[in-house]
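Okay, so here's the structure we're looking at.
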Amino acid sequence: MTREKRKYFLQQYLQVEYTHGGIGGTDAEKILLAKGFEPVLFPHQYGFSFTAKVSRFFFLLRMYRKIKKGDTFIFLSPVYAAMSKMLIGRLHKKGVTIVCFIADINGLKDGHESLLKREIFFFRQFHYFIVHNEAMKEWLKKNVSAAVQASAIEFFDFLAKPVGRQKGISMDIVFAGNLEKSNFLANLHLLKGENSLHFHLYGPGVNDNITSQENVTYHGIESPYDLPGKLKGSFGLLWDGDSIDKPGGSLGTYMQYISHHKLSLYIVSGLPVILPASAATAGLVEKYQIGFTVNSLYEIEEKIKTISPGEYTQMQHNMQPLADQISQGECLGHAIDEILKRVGGLL
């Protein structure tokens, strides 16, 4: 009798409570559970004692015996734990179908060339990938292998209740996330124009250089799933790097390849989006008509002036079906279905 193929995923996020970064991984693993994937959770993940290491090693051996050739195993990259990487490598050699969901490429994000080379070397083990968008898919084909099979999510899922806000257009701009890495925030005072853009900030990592600016209000840290209903403003800003002139530095360059989880937050929040024209998701924002692009933050005020109240309301209306998809896990769900069809796996 033919053995039924099984589906597994490496659990790295579900057991941790996040206040900011990491919630995308948590939601991805919730979706994998809902799609019938069995979790593989190494014991004593944060233990470094001899006993903890031995326990993880024997768990690795049990999983290696349990997961059979022809089964499917999905993991989110990057993977930091040595035992987890070892299991993935051994399962790949055993003939298990490995699907790598690229959540981040740290070498690109940090401008760390040697790390990027190691990540590319790691990716070259695999044939099947889930990626953010078409730009990341092209990067993968160019730098890893032209033969890779990749399915794009377009938007990260965010399993929070959509906010059906009907808010008028204004010069109030929201920026949410890890504020510590967003050095451009210290220069927002330079954007004070005739109508005075005002920025509403949410998240950890704030400092006096940011909060002392007259056109900035800091609202603190909120629970990720409560945040969509708490955002005060008319537009959500996607920007990174050190400069308000352009999305500079490695983080600015990284925007050319990724779909920010922040974009999904704004969509679920009903906030039309402002983002760089060079961003990988600029085409999606224009395709669905849910915001506008700029080359510099100095352009925002004039762009907002050209948007009529009716056009702004239409942007909000256009976000509603996307918000429903994102909040129900359909972006990753569809990408999983597509990649499993390619490998002949189970749906």
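The values are calculated or read from the model by the stated rules, or taken from the named source; none is laboratory data. Predicted, not measured: the structure shown is a model, and the values here were computed from it. Please note: Cβ atoms are built from the backbone with ideal geometry, for glycine as well, and neighbour counts cover all protein chains shown.
Annotations for the structure displayed:
- Check on Leu41, surrounded by 19 or more Cβ atoms within 10 Å (Cβ to Cβ) and farther than 23 Å from Glu338 by Cβ: no
- Of the residues making up region 50-92, those that are of a type outside the set (A, V, I, L, M, F, W, C), surrounded by fewer than 14 Cβ atoms within 10 Å (Cβ to Cβ) and under 28 Å from the mean Cα position of the chain (by Cα) number 2.
- Any pair with Cβ under 7 angstrom, 6 or more apart, that starts in region 142-159 at a residue that is among the basic types (Lys, Arg) and ends at one that is surrounded by fewer than 21 Cβ atoms within 10 Å (Cβ to Cβ): none
- Residue list for region 148-178, restricted to those being of a type in the set (A, V, I, L, M) and crowded, with 21+ Cβ neighbours inside 10 Å: Ala150, Ile153, Ala160, Ile173, Val174, Ala176
- Residue within region 178-185 that is in the same structural domain as Tyr312 (by TED's automatic domain parsing), touching a residue at least 60 places away in the same chain (Cβ under 8 Å) and among the aromatic types (Phe, Trp, Tyr) present: yes
- Residue selected from region 112-136 under the condition buried (at least 20 other Cβ atoms within 10 Å of the Cβ) and in a helix (DSSP H, G or I), by the criterion nearest to the chain's Cα centre (by Cα): Met136
- Region 309-324, subset surrounded by fewer than 17 Cβ atoms within 10 Å (Cβ to Cβ) and touching a residue at least 60 places away in the same chain (Cβ under 8 Å), residue nearest to the chain's Cα centre (by Cα): Asp324
- So Ile300, is it assigned to a helix (DSSP H, G or I), farther than 21 Å from Pro224 by Cα and β-branched (Val, Ile, Thr): yes
- Answer from Ile307, Ile326, Ile336 - the residue that is touching an Asp or Glu at 6+ places or on another chain (Cβ under 6 Å) and at pLDDT 95 or above: Ile326
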